[in-house]
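The values are calculated or read from the model by the stated rules, or taken from the named source; none is laboratory data. For clarity, every value in this text was computed on a predicted model and none was experimentally measured. Cβ atoms come from the backbone with ideal geometry, glycine included; neighbour counts cover every protein chain shown.
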2 protein chains.
Amino acid sequence: MAGLRERTRRAVQAELAAVALELFTERGFDDVTVDDIARAAGVSKRSFFRYFPAKEDAVFDGVRLMGDDIAEQITGRPAGEPAWECLHAVLREWVARIDAGSRAALRVIESTPALRARFQQKREEARGRIAEALAERTGLDAFAVDLLTSAAATAIDCATREWLRTGGAEDERLKLVDTAFDRLRPTCAGS
Amino acid sequence: MAGLRERTRRAVQAELAAVALELFTERGFDDVTVDDIARAAGVSKRSFFRYFPAKEDAVFDGVRLMGDDIAEQITGRPAGEPAWECLHAVLREWVARIDAGSRAALRVIESTPALRARFQQKREEARGRIAEALAERTGLDAFAVDLLTSAAATAIDCATREWLRTGGAEDERLKLVDTAFDRLRPTCAGS
DNA sequence: GCCATACATGTCACTCGATGCCATAAGCGT
DNA sequence: ACGCTTATGGCATCGAGTGACATGTATGGC
């Protein structure tokens, strides 16, 4: 079972992330020091760094770990499904499930260049894992799954940006994702 | 004409960037302090930051400013050319012209996560400017040029990764770029 | 050539993120 | 209750980055 140790650790970590997110939302990422967060949560600055390797990671704690989650769903899709439809279906559902907690974190990330950069980087790692899962499922070569997963990521990005440009109505979002996936479908192999 | 002031400034900046690149290549980005660079170039740490806003920027100085350069070439393409072919032609040529100086800088960037993240970010800004130029030239809407330029960036990325995976022979590179552009061509609008 | 001005540089001091070390307190299994 | 692991706080330190101040040096007007 989950020992007390592990549970309290999780609780403190979540508390720190929550406090941090609140302060970041209020004053902006750069205008909040680690000391501020630690004091507000009732621990020392030193302890903060025992829960998060860096200040930035307190923000990413609130965002779903996309990689393994999605890779797992990929492997669970119906056998005959073409790769592009598979990615479309899984990612479409993933977009549909962005909870309110993640929303606040994403807003902070969006408004801080340094965080945006790191976020992209983490997403790129996730894409790598997804590409692996897709390769295993479909038997396509590395180049093909790279093209497919990269195109899928691009589709989500473009859809999101267009969504923001056009106001951001909730029911428009999935339609834009569908449109982007439709227009960006890679040709030839495994389509 | 270019005053003496401006010229010496440029010279010192280039010298700092060169010294920095050398040290980074030798010992890795993280194992070189700004003090090291400054001393090696014969200036104070404070002066280093008068030439570069951050340590990272000493690396990016060696890489061509892609944005405006490419955007300019976009606007100079033959009038009737479809958007995708236009991007393909301009970026193909850009890939072909990566000089040896940039090569060293790119290697340092590639081997340092923090630099990779910032590099992606700068490239995203460049993509924005290119998208603007493309919109002006073709009259396409923001969503369409976003899809096109993002897909083009994806094509370059995938081609580069495949190129690295398969050994990195110089004459293979452009062929992979062509293949990636071929497979990732967005459908419908302005193709 | 002389002088006032703008600009470049160096030094010092400081903030903040991040890490190592050590002493201490709290939990854990036996 | 006894050792053992683990969490914590405090302290010192490093490195990136910034602000303030003083000094030197090129520039432009006379």
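Filtering region A:63-85 for residues that are within 16 Å of DNA strand D (Cβ to nearest atom) and either among the β-branched types (Val, Ile, Thr) or assigned to a helix (DSSP H, G or I) (or both) leaves an empty set. A:Glu85 meets all of the listed conditions (1) modelled with pLDDT of 95 or more; (2) within 14 Å of chain B (Cβ to nearest Cβ) but one, namely (2). Is it the case that region A:181-190 has a residue that's in contact with a helix residue (DSSP H, G or I) (Cβ under 7 Å, 6 or more places away or on another chain), surrounded by fewer than 20 Cβ atoms within 10 Å (Cβ to Cβ) and more than 8 Å from chain B (Cβ to nearest Cβ)? Yes, the conditions are met somewhere in region A:181-190.
When the residues of region A:109-118 are filtered to those that are in contact (Cβ under 8 Å) with a residue 40 or more places away in the chain and at the interface with another protein chain (Cβ under 9 Å from one of its Cβ atoms), the one that is surrounded by the fewest Cβ atoms within 10 Å (Cβ to Cβ) is A:Ala114. Residues of region B:129-143 that are part of a loop (DSSP other than H, G, I, E, B) and surrounded by 18 or more Cβ atoms within 10 Å (Cβ to Cβ): B:Leu140 alone. The number of residues in region B:160-180 that are within 10 Å of chain A (Cβ to nearest Cβ) and not in a helix (DSSP H, G or I) comes to 1.
Listed residues B:Asp30, B:Asp36; which is assigned to a helix (DSSP H, G or I), under 30 Å from B:Gly168 (Cα atoms), within 11 Å of DNA strand D (Cβ to nearest atom) and at pLDDT 95 or above? Reasoning before the result, please.
Values: B:Asp36 fails: under 30 Å from B:Gly168 (Cα atoms).
Selected residue: B:Asp30, the only one of B:Asp30, B:Asp36 that is assigned to a helix (DSSP H, G or I), under 30 Å from B:Gly168 (Cα atoms), within 11 Å of DNA strand D (Cβ to nearest atom) and at pLDDT 95 or above.
If you go through region A:144-159 and keep only what is within 10 Å of another protein chain (Cβ to nearest Cβ) and surrounded by fewer than 23 Cβ atoms within 10 Å (Cβ to Cβ), you end up with A:Ala153, A:Asp157.
So which of B:Ala14, B:Ala18 is within 14 Å of DNA strand C (Cβ to nearest atom) and within 25 Å of B:Gln121 (Cβ to Cβ)?
Numbers: B:Ala18 fails: within 14 Å of DNA strand C (Cβ to nearest atom).
Checking each option against the conditions leaves just B:Ala14.
Selection within region B:41-55: residues that are among the hydrophobic types (A, V, I, L, M, F, W, C), within 9 Å of DNA strand D (Cβ to nearest atom) and buried (at least 16 other Cβ atoms within 10 Å of the Cβ). The member of this set that is nearest to the chain's Cα centre (by Cα) is B:Phe52.
Condition (residue is more than 29 Å from A:Val90 (Cα to Cα) and either within 13 Å of DNA strand C (Cβ to nearest atom) or aromatic (Phe, Trp, Tyr) (or both)) applied to region A:55-63: is it met by at least one residue? Yes, there is a match, as at least one residue in region A:55-63 is more than 29 Å from A:Val90 (Cα to Cα) and either within 13 Å of DNA strand C (Cβ to nearest atom) or aromatic (Phe, Trp, Tyr) (or both). One residue stands out among those in region A:64-79 that are among the small types (Gly, Ala, Ser) and either in contact with a Gly (Cβ under 6 Å, 6 or more places away or on another chain) or at pLDDT 90 or above (or both): the one that is farthest from A:Val32 (Cα to Cα), which is A:Gly76. Listed by first and then second residue, the pairs linking a residue in region A:79-103 that is over 20 Å from A:Ala18 (Cα atoms) to a residue that is polar (S, T, N, Q) and assigned to a helix (DSSP H, G or I), with Cβ atoms under 7 Å apart and 6 or more places separating them unless they lie on different chains, are A:Ala83/A:Thr138; A:Leu87/A:Thr149; A:Val90/A:Gln73.
Based on this model, can you work out whether B:Arg9 counts as among the basic types (Lys, Arg) and either within 15 Å of B:Val108 (Cα to Cα) or loosely packed, with under 12 Cβ neighbours inside 10 Å (or both)? Taking the combined requirement at face value, the residue does not satisfy it. From the list B:Ala38, B:Ala79, B:Ala71, the one residue that fits, being surrounded by 12 or more Cβ atoms within 10 Å (Cβ to Cβ) and in the same structural domain as B:Leu115 (by the TED database), is B:Ala71.
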